[in-house]
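Remarks on the structure that follows.
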Amino acid sequence: QEVEVINGMRNIITLFVEANVNLLLTSQNGVFVRYFEEEEEKEVYRERQEYALRQMISLFPHLIESAGFTDLEGNVISSVANWNSLNGINKQLSIADQPLYNKILTLKTGEVHYDTPEISHISGRLVIPAATPVFGRQGSLYGVLFANIYLDGVTQSIRNISAPEDTVLVINE
């Protein structure tokens with residue numbers, strides 16, 4: 001059982017490493033910053049943002065349910081959902097009222113914040129909200145890139161390493 005627990009933990013760690021890399025690489029795409037810097041091309045860059053978000057999801061469709069980009073006030077500029085989602089995307093207008101939002105604004109370049117798991121209003125599945133700030137060339141904060149990560153993989157890993165009478169907890173540091 002110890003080997004099964006170690007393998008299960010590796011799978012859980014891999015899930016979060018893949019999510020981190022995915023979010024951080026996407027947040028460095030220039031279309032997010034250019035949306036603010038090139039006023040006359042806002043609609044073009046919003047479409048390119050959605051393309052970049054769809055690309056991020058398509059690389060790991062088993063991992064990311066939905067993703068989006070907001071300005072500093074939390075207003076959603078662009079958002080997309082995984083085609084495997086049951087209900088499609090319900091366009092949010094703002095994430096400013098969500099608990100994770102203020103935490104994100106204090107992050108530095110290269111940091112990702114994960115919030116408390118919740119049932120998604122998009123797919124009805126258990127997800128964990130994750131987000132990272134988007135900085136411009138001079139280090140100015142422009143907005144927030146966010147994603148909802150499926151936790152089915154974690155649940156499956158736990159089921160594979162535990163007996164029905166076991167209690168298994170997965171916690172952060």
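The values are calculated or read from the model by the stated rules, or taken from the named source; none is laboratory data. Please read these numbers as outputs of a predicted model, since none were measured by experiment. Positions of Cβ are generated from backbone atoms using ideal geometry, with glycine treated the same way; all protein chains shown enter the neighbour counts. Just so you know, the surface numbers come from the protein's heavy atoms only, side chains and all, with ligands and any DNA or RNA stripped out. Shrake-Rupley method; radii C 1.70, N 1.55, O 1.52, S 1.80 Å.
Scanning the stretch 29-44 for residues that are open to solvent by 20 Å² or more (accessible area, probe 1.4 Å) and in contact with a Gly (Cβ under 9 Å, 6 or more places away or on another chain) turns up Y35, F36, E37. Residues in the stretch 60-96 that are among the charged types (D, E, K, R), at pLDDT 75 or above and under 16 Å from S120 (Cβ atoms): E65 alone. Please go through the stretch 103-151 and pick out each residue that is open to solvent by 10 Å² or more (accessible area, probe 1.4 Å), more than 14 Å from the chain's Cα centre (by Cα) and among the hydroxyl-bearing types (S, T, Y). The answer is T106, T109, S140, Y142. Consider the stretch 141-151 and keep the residues that are of a type outside the set (A, V, I, L, M, F, W, C) and modelled with pLDDT of 90 or more. The one that is nearest to F60 (Cα to Cα) is N148.
Yes or no: the stretch 152-163 includes at least one residue that is under 28 Å from Y35 (Cβ atoms), under 16 Å from the mean Cα position of the chain (by Cα), modelled with pLDDT under 85 and open to solvent by less than 40 Å² (accessible area, probe 1.4 Å). No: the stretch 152-163 contains no residue that is under 28 Å from Y35 (Cβ atoms), under 16 Å from the mean Cα position of the chain (by Cα), modelled with pLDDT under 85 and open to solvent by less than 40 Å² (accessible area, probe 1.4 Å). Within the stretch 113-131, the set of residues being in contact (Cβ under 8 Å) with a residue 12 or more places away in the chain and part of a strand (DSSP E or B) comprises H113, Y114, L126, V127, I128, P129, A130, A131.
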